[in-house]
Amino acid sequence: MPGDRYSALRAQLKAFFPPGYCRLECQDRRQLASVKAICAELDAWASAHPGFDALDLRRESYLSMRRHFVPILFTESPFYCECGVNGGWSGARPARHVNELCGRFYARDGLIPKHEFDVLYGRIGNRFMLCCGPFSDDMHHLPPFRTILKKGFRGVRDEVADALARCPAGDAHGRKELETALVGLDTIHEIQLKFAAEAKSRLEHADGLAPEQAHNMQRIADAALRCPWEPPQTFYEGLNALWFVREVLGYVDGVNNYALGRMDAWLDGLYRADLAAGRLTREEARDLVSRFLLFADAHESGEVPVHSGDDHEPEIPLTLGGCDADGVPVWNELTRLALDCHLALDCVFPKLHCRISEKSPAGYLRKIGELLMAGHAVFALFNDDRTIPQFVRMGYSVKDAREYTCCGCWDPGVDSLTDMDSANYVSVARILEATIRRDAELEAALELDLESVDGKRTFDEVRDALYGNFIRFFRNVMSRYTRYGAMNAKVFPHPVYTMCIEGGIASRRDTTEGGVSFRPRIVTLAFLANVVDSLCAIRKLCFEDRTCTLPQLLDAVRANWAGADGARLRKAVLAAPYWGDDSAESNGLMKWWIDRTADDMAGMVNDQGGPYVLATWIYREFLNWGACMKATPDGRFDGEQLAQGFAPSELRCTVGATTVLNAIGSLDHGRLYASNANLAFEKNCMNAEIFEAVFRVVCRKGMHLLQPNCLSVAELKDAQVHPERHRSLMVKICGFTARFVSLDRRWQNEIIRRHLLR
Amino acid sequence: MTAVVFEIEKFATHDGPGIRTVVFLKGCPLRCMWCHSPESWKPEMERYPDGTVIGREMTSDEVLAEVLRDKDFYDVSGGGLTLSGGEPLFRTAFSAELFAKAKGKGLSTALETSGYAPAAVIDQLSAVTDIWLYDIKGLDSARHRDQVKVDNAPILRNLRWLDAHGARIILRCPMIPGVNDFKENLAALGRLADELKCVERVDVEPYVPYGIDKARKLGLKVYEAPLPPMGYADEIVGKLSRLTGKPVRLG
Ligand code: SF4
C-alpha cells in the first residue's frame, strides 16, 4: 500500500526482511558479523574443551551473545525486539550453531544409532510421517508471556537465584541447569540494555531523524532501560514485551516460538489505565497496534510466490477473543482494533487465531464474518467450549485453562505452563497404501510385518487387519520417539526457557528432560478421511452389493483404475458413502478409528514423561504427499491430493455445509487434543450473521477448530486473469494464509477446485 | 400423510430468516411462463426420459426427521423449515400437518407461496405458519392471466387477508427482463408494499434460466428470457427502493 501512513515503516521493514525471510538468515551486515564472531568463539571454545556438554556450550553461547549481540532498530517503529532471527524459525544462527555443535553429541556419545535417523528422517520417515520434535526439539513452543508480563525476566532471575541458593549439594546437574539459566537471563538483560543504548545513540546522531522517528527512539531509550526485565507498566511496553519475549528466547535458547500471545486479553488493563491517566489516546493506540501488526506482516510480505507453503510461513499467530481467567468474554476495544487494523492494513500476518464459544458476543463473531466476506480469510477459530474443559481434564486449573493461547497453526496450549511439540504427523493413508502394495522396504526398516488384506472374508477382517498394521506402525514409531527423543536433553537444552515455565525452577530439570509440569506431545493422524472413504467403498462394493470381490477391487486400485473394469469399479466406489456425507457408515467408521486409536494410545508416555495426545490435521502435505502416493480404494488416482484434517476429501464431497458439520459433529472430539476442519463456504450463501450462526454450531458440536474460507469461483478465476484487481484477496490454504494472487498455479487451482459448502 | 418431495435444500440462507431447510413439494396450479422448476408442475412422481425419477413420496414424519438433522443450525440462527414448491398450498393437508409437527419441535416455519389458493386454505395454514414468503409476479390482472395463466385476484385477496390478520410477510418479486420489470409494475409493487402494514421487506428475485433444460426434457415449454445484463438486479433493487418505504433487497 504505497503512500499510506505506514509506507515508510513498510519500506524500512521490507529492506530488513528479505522475501522468503522466514526461512533465511538475517542479511543485515552488522548482524552477520555478530553471528560470525559468536560462531567463531564457540568453535574455538569447543575445540579447546573436548569434554564439554550441552549446558557448557549453552553457557558459553550466552556469554558470547552478550559480547557480540547487535540490536536492530527501525526508526519508524517504537518496538525493540529484533534479534536477527525469526522467533518462529529461530533455528537460525547463532542459536542454531549451538544446536549444530551440540548435534555432534549424537555421534560422539552414540546417543542414537545412525540408521534411526534414516528411518525417522530419511526416505521412509518422509513418506510415512513427519517428525519434528523428538530429534530436534525446536518447534512449536509457546513463549512464556504471562510469566514475563507478571514478573519480568528479573522476577524469574530472582527465583532461579533463590532456587540455586537452596539447591541440594548433591544435585550437581540441577545446579548446573540453574547456573546456566542465570547466565542466560543476564544475557537477556544485557540485550535489552543494548537496545536502550542503541536508541540513545541514534538520538545523539539525530540529524536525519524526523520528529516521529526521534519520538520512537526516545521511547525505546527510556523503556528498554527497564522492560521487560521489569514487568510492563504501559500498553506500549506490554505490546513490546510480547514481541520481545518471542524473539529473544528464539535468539538465546534456539526455541522456535510459534505464538504472539493474547494482546486483547492481557493488555486491556494497561490500555485502559493509560487512557484513564491521559498517557495514551485512542488514536495513538491505533497507531501502536498498526505498527505492532505490520512488524509481523513484514516477516513475510505476502508477495513471495508460494510454491510449497513453508516458504511462506513465519509462524506468527496472534490470539484474540475468547474469555479471560474469570470466564468473562474478551471482546474489547483492543480486539476490535486488532481486527480493524488487520483488515485496513491488508495484513497477511499475523495469522489471527480467534477463540470462540457458543456464547461469544454476536458483535465479535459477526466481525469475523465481515472480514471473511471481505475476502480476508486469515482465521483459525478455536472452540473454547471444547478446549477449556479439555485442559481442565488434563490437570490445569480452570483459570489457567481459560488463558490458553493458540499456537502454530492449530495447536492450543497454556503459556508459561505447557511445553508441547505438535508437528508429528503419521500418514494413515500411507499404511493403507503399504498394505495394499506390500511395502517391503518399510517393513524391513521398521521391523514390521504388514498383514495382507487381500484374502479377508469379511469387512471386519479387512478393517481390523488394516488397523492392526496401522497401530503396529504407530506404536513402533512412538517407541522410537520416546527412546530417542529422550536424548534430546543431552543435545538441545533450553535453560532460560525452562525457568520461565512452571515446574522448571522447582525441578531444576530442563524442559527437554521433562522438567516442566505439562508436556504433551501431539501426534496427528493424517488423511484419515481417505482411509474411511476407502473402507466405506470396500464394504459397499465387496461385502454388501457384491459388485466385485476384494481382490478385484484391490487389483483395480493397483492398476490406478485403468481399463473399462477399473472405470466401472471406480464409478461404483464414487457412489459409496464417504466421510462428510453424515451417513451412519462413514460416521461410524471415523468414530471407530479415532476411538480405537485413542484407547490404544492411552498411557503411552513420551520422551519427556508427558502424555502422547491425539490430533488430526495436516499442513501442505495433503497436496505434496498426495503427489507421491499411489491410488487408493476411495477412487483417488495416483498422485491426487489427500484430505485435510476433518474436512471431507475434496475429491468426494458433494454435500452441503450442514451435512458436513453434522458429520464432523457426530464424533466424540473429547478423544482428541486438537483437530482442524478447513472448510470453504460459498460466498453467495454467506453473510456475517450466517457466519455467526455457523461458528456457534461449530462450538455446540464440540469441534476443536474451524478454518473458514469464503470463496466465489468467479472471483478466484477473475483473480487469475487480473491479479492486480485482487491483491487483497486472502485464502486459507492449510495452516497458513496467503494472498491468492501470490500462490503458484498449482495452489491456486487447488483452491478453485475446493468443494464450496452451501 | 404423504406428499411428493422433489428436493430438500439444506443450509438455505435466502429463504426466510436464518439458516433453513427448504422442502420442495411437487404440484403447482400456476404456469408461470419463466418457471424455473417445471418438474414441479405435476403433483405425482414422474421420470425424465433417461429414467431419472423426479420426486419421492414421503410422509410428514420422514420429512420432519430429515429437517431436524439441522436443528442446531436453526436454533442458533433463528432459522427453521421453509416449505416451497411447486405450490405447497396445493398440498394443504400435508403442509398443515408438517408445519404443526415442526412447530411442536420448536421450529420456525416459513411458507414460500404464490398465494393462489382458496381463502380457507390460507386461514388453515396461517395458524401454523410463522412467516409468509409471498410471491407477487405481477399486479396487472390481464398480464398476470397471460403470463401465469391464473387470475391474480385471489392472490391479492389472500395477501390482504393475511395482512389484516397480522401475518409476517416478505414479498418476493421475480423480475423477468422484458416481462414484468416495467415501470408501472414496479410502481404498483411499491404501492402494495407500502399499503400493507405487515410486509416487512421486499425481495427482488432475479431471473434464472434453470427451467429451460428441464422443461425441454419433459416435453414442456418455458419462456427463455434474455439474460439480464450485469448490475440488472441491483438496478431493480435501487428502483424499487425509491418506490416504497419498505426495505428492498436482493433475494
Ligand atoms: S414459478 Fe413457481 S408458481 Fe410459477 S409455475 Fe413454476 S413452480 Fe409454479
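Structure above, values below:
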read-out	value
The stretch A:664-691, residues that are in contact with a helix residue (DSSP H, G or I) (Cβ under 6 Å, 6 or more places away or on another chain) and within 11 Å of another protein chain (Cβ to nearest Cβ)	A:Ser666, A:Phe691
Selection within the stretch A:229-248 - in a helix (DSSP H, G or I) and among the hydrophobic types (A, V, I, L, M, F, W, C)	A:Phe235, A:Leu239, A:Ala241, A:Leu242, A:Trp243, A:Phe244, A:Val245, A:Val248
Pairs, first closer than 17 Å to A:Asp268 by Cα and among the charged types (D, E, K, R) in the stretch A:323-347, second modelled with pLDDT of 95 or more and surrounded by fewer than 19 Cβ atoms within 10 Å (Cβ to Cβ), C-beta under 8 Å, six or more apart	A:Asp326/A:Lys399; A:Glu333/A:Arg282
3 or more residues touching a Gly at 6+ places or on another chain (Cβ under 6 Å) and not assigned by TED's automatic domain parsing to the domain that holds A:Met394: qualifying helices (runs of 4 or more DSSP H) within the stretch A:492-561	A:495-499
Any hit, the stretch B:36-46, residues being away from the ligand (no atom under 16 Å from the Cβ) and away from every other protein chain (no Cβ under 13 Å)	yes
Single condition B:Pro49 does not satisfy, out of (1) away from the ligand (no atom under 16 Å from the Cβ); (2) within 24 Å of B:Tyr223 (Cα to Cα); (3) open to solvent by less than 50 Å² (accessible area, probe 1.4 Å)	(3)
One residue from A:Gly639, A:Gly610, A:Gly645 being open to solvent by less than 10 Å² (accessible area, probe 1.4 Å) and at positive phi	A:Gly645
Residues (within 13 Å of another protein chain (Cβ to nearest Cβ) and either open to solvent by less than 10 Å² (accessible area, probe 1.4 Å) or on the phi > 0 side of the Ramachandran plot (or both)) located in the stretch B:8-30	B:Phe11, B:Ala12, B:Gly16, B:Gly18, B:Ile19, B:Arg20, B:Thr21, B:Val22
The stretch A:578-600 residues that are away from chain B (no Cβ under 14 Å), paired with ones that are buried (at least 16 other Cβ atoms within 10 Å of the Cβ) and small (Gly, Ala, Ser) (beta carbon under 6 Å, 6 or more apart)	A:Tyr578/A:Ser586; A:Trp579/A:Ala529; A:Trp579/A:Ser586
Check on A:Val655, assigned to a helix (DSSP H, G or I), surrounded by 18 or more Cβ atoms within 10 Å (Cβ to Cβ) and either in contact with a His (Cβ under 7 Å, 6 or more places away or on another chain) or within 10 Å of chain B (Cβ to nearest Cβ) (or both)	no
Matching entry among A:Gly327, A:Gly269, A:Gly322, A:Gly250 (being in the same structural domain as A:His189 (by TED's automatic domain parsing) and either modelled with pLDDT of 95 or more or open to solvent by less than 20 Å² (accessible area, probe 1.4 Å) (or both))	A:Gly250
Odd one out for B:Asp203 among (1) more than 16 Å from the ligand (Cβ to nearest atom); (2) at pLDDT 95 or above	(1)
Set A:Glu116, A:Glu177: member being of a type in the set (Asp, Glu), assigned to a helix (DSSP H, G or I), open to solvent by less than 10 Å² (accessible area, probe 1.4 Å) and at pLDDT below 95	A:Glu116
Any hit, the stretch B:33-43, residues being at pLDDT 95 or above and closer than 23 Å to A:Ala663 by Cβ	no
A:Asp510 vs. criteria surrounded by 18 or more Cβ atoms within 10 Å (Cβ to Cβ), closer than 18 Å to A:Ala631 by Cα and in contact (Cβ under 8 Å) with a residue 12 or more places away in the chain	no
Residue within the stretch A:697-712 that is more than 18 Å from A:Leu371 (Cα to Cα), basic (Lys, Arg) and away from chain B (no Cβ under 14 Å) present	no
Filter result for B:Val148 (β-branched (Val, Ile, Thr), within 16 Å of the ligand (Cβ to nearest atom) and at pLDDT 95 or above)	yes
Of the criteria (1) within 12 Å of A:Gly322 (Cβ to Cβ); (2) in contact with a His (Cβ under 7 Å, 6 or more places away or on another chain), which one A:Ala380 fails	(1)
Sole residue being open to solvent by 10 Å² or more (accessible area, probe 1.4 Å), away from chain A (no Cβ under 12 Å) and within 17 Å of B:Glu9 (Cβ to Cβ), chosen from B:Ala93, B:Ala65	B:Ala65
Top-ranked residue in the stretch B:161-203 [being small (Gly, Ala, Ser) and under 17 Å from B:Gly238 (Cβ atoms); ranked as surrounded by the most Cβ atoms within 10 Å (Cβ to Cβ)]	B:Ala193
Residues located in the stretch B:96-132, provided they are open to solvent by less than 20 Å² (accessible area, probe 1.4 Å), within 14 Å of the ligand (Cβ to nearest atom) and either of a type outside the set (S, T, N, Q) or within 14 Å of chain A (Cβ to nearest Cβ) (or both)	B:Leu111, B:Gly115, B:Ala117
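The values are calculated or read from the model by the stated rules, or taken from the named source; none is laboratory data. None of these values were measured; they are calculated from a predicted model. Cβ sites come from the backbone with ideal geometry, for glycine too, and all protein chains shown count toward neighbours. Keep in mind that these areas ignore ligands, DNA and RNA; they rest on the heavy atoms of the full protein, side chains included. Shrake-Rupley method; radii C 1.70, N 1.55, O 1.52, S 1.80 Å.
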